[in-house]
Structure formats: structure tokens, C-alpha cells
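Heads up, the thing below is written out as C-alpha cells.
The values are calculated or read from the model by the stated rules, or taken from the named source; none is laboratory data. From a predicted model like this one, the values you see are computed outputs, not experimental measurements. Backbone-built Cβ (ideal geometry, glycine too); neighbour counts: all protein chains shown.
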């Protein structure tokens, strides 16, 4: 994996949206070689993902048609994220200046609509990432070492949305890329992803609260539960328990259950 990652970093400064020899090599490494390198860690990553590790999906892309600044390779539970436009996953992005590889735990930044890829609104991406960070912090007590900025040097709109959709980031500088280092951080990322999946399985996913086609009612009436599962922490003291059957605000993020 070390040689693969370093070579992709070396190719990044030669980025072109056209299918140049350098971009052909980068695409082969991202889509074929690196995916196999990650699959070689399947046993370790499956263990880190726990109950979500039985169906690990590994895939990579360097753009559909024109080449993208931020080629990527990701792994996830296929059930929880069957496509890169759905759910949360661990993804490797490469800084555009070739300075390193960024291991990110993040979410999809776009959706397909009428045959086109539509970038999600910034506030929705910010809310989903904040929710993911809160879930991981509750589970692990710390976000370390995934506290690096999600600035990979992107200039185009879609790659910039990749940055914004990266909730937790660990950048490994070019000189520090070694097999044992990458293995350790990928396992840590998988453990964080497991916590996010578990929260989704429990019905705590923030993005579901923003879908106006759904109706929600409060499923708990204990104030401490409300306070724990809020998004807007600055208003925590003013939270009052609502009675069952009252509607939950999509902005606040109470523990809710869907009703038809």
C-alpha cells in the first residue's frame, strides 16, 4: 500500500481533467491497485466494523468522463452505503499538491436527480458531519487523531463538496506514509464508522429528520434524553420535554420515530 499511495501523491500535481498518461496511471492505481490493497486488510477492517463488517465494499473512482481533482477510494458496509451517493463511509482523498493522503470518515456529498449529480446544500452537509462527529465523540470520548482540517486543495465545486462532506480527517503526510501507519489509521476509521452505523441502525440519523416527506413524533419524554441528543448545544438549558405525539423540529434533532 505504501508504494501505491506515494505514487498517487506524486501524480496529483500533474492533475488534468483530460485522460493524460499521468491521469491514466492515477486512475488505474485508485480504481484497481489501491482497492486490492485495502481488500487485503478485509479481516482487520471487518473486525473493526463489528456487526457491519460482513459485507465490506471497496471501490475507487477518478471521475466519470472528465477526471476529478480528488480521486478517491472508499470502503464501507454495502448495506449501509450501497453507492457513494448514499450513507457514510471511510474514504481516501489525496491532497492536490501531493503532500499527503487524507483518511476521512464522511458522507455522500451529492445525490442523483433526473440523471444528474446534484451537490447537496452546504448546511445539510455541515449538519450531517456535525452529527457524525457527535456520535463518534459519545462512543469514543475523543475524535483524535481524526481532527485535521478537511482542506485537500480542491478548486472545483464537486471536489470541494467532498471536502465539506468529510466529518473526521486524518492526514498522513507523504513522508509518513508507511504500511503500519495506514493500517492503524484505517482500523481507527472503521471503528468510528461502526459507531455511526450503530447510531443509524438505532434511528438516530440526523439526515432523516430533514426529509420533509416524513412525519415524526417524539418517542421519549425524558429531558435528559432530549438534551443528550440535541444538535444545538447552546440551547440545551432551555430544552423542555415534549409530550408523545408532538412534532419534532428538524433543526433540533430529538430522538424520534417515524410514523406513516
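At-a-glance table
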{"read-out": "Residue list for the stretch 73-82, restricted to those being more than 16 Å from residue 50 (Cα to Cα), touching a residue at least 24 places away in the same chain (Cβ under 8 Å) and surrounded by fewer than 24 Cβ atoms within 10 Å (Cβ to Cβ)", "value": "82"}
{"read-out": "Residue count, the stretch 176-204 (criterion: surrounded by fewer than 18 Cβ atoms within 10 Å (Cβ to Cβ) and not in a helix (DSSP H, G or I))", "value": "3"}
{"read-out": "Unmet requirement for residue 141, which otherwise passes all of (1) over 17 Å from the mean Cα position of the chain (by Cα); (2) within 28 Å of residue 181 (Cβ to Cβ); (3) surrounded by 13 or more Cβ atoms within 10 Å (Cβ to Cβ)", "value": "(3)"}
{"read-out": "Number of the condition not met by residue 98 [criteria: (1) in a loop (DSSP other than H, G, I, E, B); (2) over 20 Å from residue 179 (Cβ atoms)]", "value": "(2)"}
{"read-out": "Residue 110, sole failed condition from (1) modelled with pLDDT of 95 or more; (2) closer than 15 Å to residue 165 by Cα", "value": "(1)"}
{"read-out": "Where residue 92 falls short, out of the listed (1) within 30 Å of residue 204 (Cβ to Cβ); (2) under 20 Å from the mean Cα position of the chain (by Cα); (3) outside any strand (DSSP E or B)", "value": "(3)"}
{"read-out": "Test: residue in the stretch 51-69 that is assigned to a helix (DSSP H, G or I) and in the same structural domain as residue 181 (by TED's automatic domain parsing)", "value": "yes"}
{"read-out": "Unmet requirement for residue 34, which otherwise passes all of (1) out of contact with any helix residue (DSSP H, G or I) (no Cβ under 9 Å at 6 or more places or on another chain); (2) in a helix (DSSP H, G or I); (3) closer than 19 Å to residue 64 by Cβ", "value": "(1)"}
{"read-out": "Qualifying residue in the stretch 105-114 (condition: out of contact with any strand residue (DSSP E or B) (no Cβ under 8 Å at 6 or more places or on another chain), in a strand (DSSP E or B) and assigned by TED's automatic domain parsing to the domain that holds residue 47)", "value": "yes"}
{"read-out": "Whichever residue in the stretch 147-162 is free of Cβ contacts under 8 Å to residues at least 60 places away in the same chain and part of a helix (DSSP H, G or I) and, among such residues, is nearest to residue 97 (Cα to Cα)", "value": "160"}
{"read-out": "Residues located in the stretch 11-31, provided they are surrounded by 15 or more Cβ atoms within 10 Å (Cβ to Cβ) and either at positive phi or part of a helix (DSSP H, G or I) (or both)", "value": "11, 12, 22, 23, 25, 26, 27, 29, 30, 31"}
